[in-house]
Every structure is written in structure tokens, then in C-alpha cells.
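A short worksheet on the structure shown next.
The values are calculated or read from the model by the stated rules, or taken from the named source; none is laboratory data. Just so you know, these numbers come straight off a predicted model, no measurement behind them. Ideal geometry is used to build each Cβ from the backbone, glycine not excepted, and the neighbour counts take in all protein chains shown. When the accessible area is computed, the model is the full protein with side chains, heavy atoms only, and any ligands, DNA or RNA have been set aside. Shrake-Rupley method; radii C 1.70, N 1.55, O 1.52, S 1.80 Å.
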Amino acid sequence: MVPLNYYLVVSAILFSVGVLGVLVRRNAIVIFMSIELMLNAANLSFVAFSRFMENFDGQLFVFFVMVVAAAEVTVGLAIIVTLYRNWRSIFVDRIHLLKG
């Protein structure tokens with residue numbers, strides 16, 4: 001049986017890579033993938049705690065996070081498609097041009 005600490009370390013590494021991707025990259029698609037990576041890192045922690053505490057609360061939270069992630073991708077990809085149609089670019093540096 002793998003100890004809980006290993007799961008938490010992997011989760012922390014995945015979350016850190018996701019934060020780094022959001023902060024460093026300028027491509028909107030990569031930023032969304034980094035956000036998904038952070039959500040999956042949180043899911044890994046929820047499942048690990050659920051397994052080691054032997055209750056299903058963490059797995060219910062994972063289901064909720066997956067629903068939120070699906071909604072976030074739907075709205076985010078719609079925004080990205082709109083940005084690409086208007087400027088032929090998906091770099092977030094151009095978002096400041098959205099002033100009304």
C-alpha cells in the first residue's frame with residue numbers, strides 16, 4: 001500500500017506545475033490546460049484522503065470538481081474561439097483590447 005504522503009507530494013507537484021503554467025504562459029489554451037492540471041491535482045488529494053480515511057466524501061468532491069471543470073472548459077473555449085475569430089490570435093496579452 002502506497003503511503004498518503006506520496007499521493008500528496010505528487011498532487012503538490014502537479015499543482016505547482018499548473019500554477020507555473022498559468023503564471024508563465026501567454027497562450028490561452030495552455031492556461032486552460034494548466035487550470036485543468038491544478039483541478040486534477042486537487043482531485044488526487046481528495047481521492048487520496050478519501051481512501052485513507054475510508055469514507056466517500058472526497059469522491060463526492062471529485063465529482064463536483066469535475067462538473068465545475070467541464071463547465072469552465074465550455075465557457076473558456078467559447079471565449080477563446082471568439083478571441084480567435086476577432087484577432088486571429090489566442091495570446092492573453094491582447095485581452096486588454098476588450099475595453100468597451
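Assorted remarks:
- Relative contact order %, region 4-92, counting alpha carbon pairs below 8 Å whose residues are six or more apart: 30 percent
- Axial C-alpha extent at least 27 Å, average Kyte-Doolittle at least 1.6 - helices from the chain (DSSP): 4-24
- In the context of the full set of protein chains, residues of the chain present 72 Å² of accessible surface per residue (probe radius 1.4 Å, heavy atoms only).
- Surface composition of region 4-92: carbon plus sulfur atoms contribute 73% of the solvent-accessible area (1.4 Å probe, protein chains only, all chains present).
- Charge dipole (the chain, unit charges on Cβ, about Cα centre) - positive-most of 73, 55, 44: 73
- Rounded if a/c under 1.5, otherwise prolate or oblate - region 4-92, Cα gyration tensor axes: oblate
- Taking each DSSP H run with n ≥ 4 as -39500 (n - 2.57) and averaging over every residue of the chain yields -28000 deg cm²/dmol at 222 nm.
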